Amino acid sequence: METQENLIKQLSDQKYALDQAAIVAATDVNGVITYVNDKFCKISGYEREELIGRTHAIVNSKTHPPEFFAELWSTIKSGQVWQGEVCNRNKKGELYWVSTTIVPFCDQNNKPIQFMSIRYEITDLKKAQEVVKNLIEIYKNERIDDETFENFDSRVLSNLTVEEIQSKIGL
């Protein structure tokens with residue numbers, strides 16, 4: 001049987017591992033931030049003290065319609081896990097995208113008492129998707145020939161930066 005000390009050590013180790021890998025925040029049931037890790041502070045550009053006690057409105061990019069967040073809140077307030085992609089704005093005004101999972105922690109009556117958000121930055125992926133979308137649109141409009149399009153298969157795209165791809169297709 002594990003001792004309380006061992007269990008606390010295991011939980012501490014798991015928290016450390018999560019904090020090293022992901023952007024993490026916790027909120028109360030009203031969405032007021034009660035915890036952020038260093039990765040959250042770094043990506044948002046805010047100090048921990050600027051975030052604690054505020055809601056995620058502080059990083060809202062206004063990219064998503066109100067219905068997006070209404071559905072998110074409906075899901076987590078019902079005790080279900082929500083997953084999706086969110087565009088946020090950092091303190092400097094720059095946009096960044098995160099793949100997000102929000103897990104409700106519930107009481108014995110299955111009512112949420114806290115939410116934990118675990119995120120991974122996907123900004124470069126979103127930019128690359130936009131470049132590919134533009135490339136396909138250019139091809140559909142026959143603004144590049146078949147040979148040029150064939151040279152931009154996924155193997156080539158995966159080895160280039162977003163800026164390199166954009167310059168090669170004239171964006």
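Whenever you get a sec, line up T55, T100 from highest to lowest accessible area (probe 1.4 Å, protein heavy atoms).
So the residues, ranked largest to smallest area, are T55, T100.
Can you give the charge dipole size of region 19-105 about its Cα centre, rounded to the nearest 20 debye, using +1 on the beta carbon of Lys and Arg and -1 on the beta carbon of Asp and Glu?
Dipole magnitude for region 19-105 comes out near 160 debye.
Would any residue of region 5-23 have its amide N under 19 Å from a label point 7 Å out along Cα→Cβ of V81? List them or say none.
From region 5-23, the list is 11, 14-23.
What is the ratio of the Cα radius of gyration of region 1-110 to 2.2 N^0.38 Å, where N is its residue count, to two decimals?
Ratio of Rg to 2.2 N^0.38 Å for region 1-110: 1.18.
Cα-Cα over 18 Å: which of K39/K77; K62/K92; K9/K42?
K39/K77; K9/K42
If I model a spin label as a point 7 Å beyond the Cα along the Cα-Cβ vector, how far apart are those points for E137 and T3 in nm?
Between E137 and T3, the simple spin-label model gives 6.3 nm.
Around I52, what is the net charge, scoring Lys/Arg as +1 and Asp/Glu as -1 over all other residues with Cβ under 14 Å from its Cβ?
Net charge in that neighbourhood comes out at -3.
If you take every residue apart from D13 with its C-beta less than 14 Å away from the C-beta of D13, what net charge results, scoring Lys and Arg +1 and Asp and Glu -1? Kindly include the intermediate steps, with their values, before the conclusion.
On the way: positive: K9, K15; negative: E2, E5, D19.
In short, -1.
Efficiency by 1/(1 + (r/R0)^6): what FRET value for E50 and N109, r their Cβ-Cβ distance, R0 = 35 Å, to the nearest 0.05?
0.55
Rank-order 56-63, 31-38 by packing density, defined as the average count of other C-beta atoms within 10 Å over each peptide's residues, highest first.
Ranking the peptides 56-63, 31-38 by packing returns 31-38, 56-63.
From the phi of every residue in region 74-89, what ³J(HN,Hα) in whole Hz does the Karplus formula 6.51 cos²θ - 1.76 cosθ + 1.60 yield, where θ is phi - 60° and glycine or proline is x?
4, 5, 6, 5, 8, x, 9, 6, 10, 9, x, 10, 10, 9, 10, 10
Suppose R0 equals 45 Å; then what is the FRET efficiency for S74 and A21 from their Cβ-Cβ distance, rounded to the nearest 0.05?
Details: r = 28 Å, r/R0 = 0.63.
So the FRET efficiency works out to roughly 0.95.
Of Q108, L7, I58, which is farthest on the positive side of the dipole of region 1-119, counting Cα position, with +1 on Lys and Arg Cβ, -1 on Asp and Glu Cβ, and the Cα centre as origin?
I58
The values are calculated or read from the model by the stated rules, or taken from the named source; none is laboratory data. Given the structure is predicted, the values throughout are model-derived calculations rather than measurements. Neighbour counts run over all protein chains shown; Cβ positions are idealised from the backbone, glycine included. Each accessible area value is taken on the protein alone, full model and side chains, heavy atoms only, with ligands, DNA and RNA left out. Shrake-Rupley method; radii C 1.70, N 1.55, O 1.52, S 1.80 Å.
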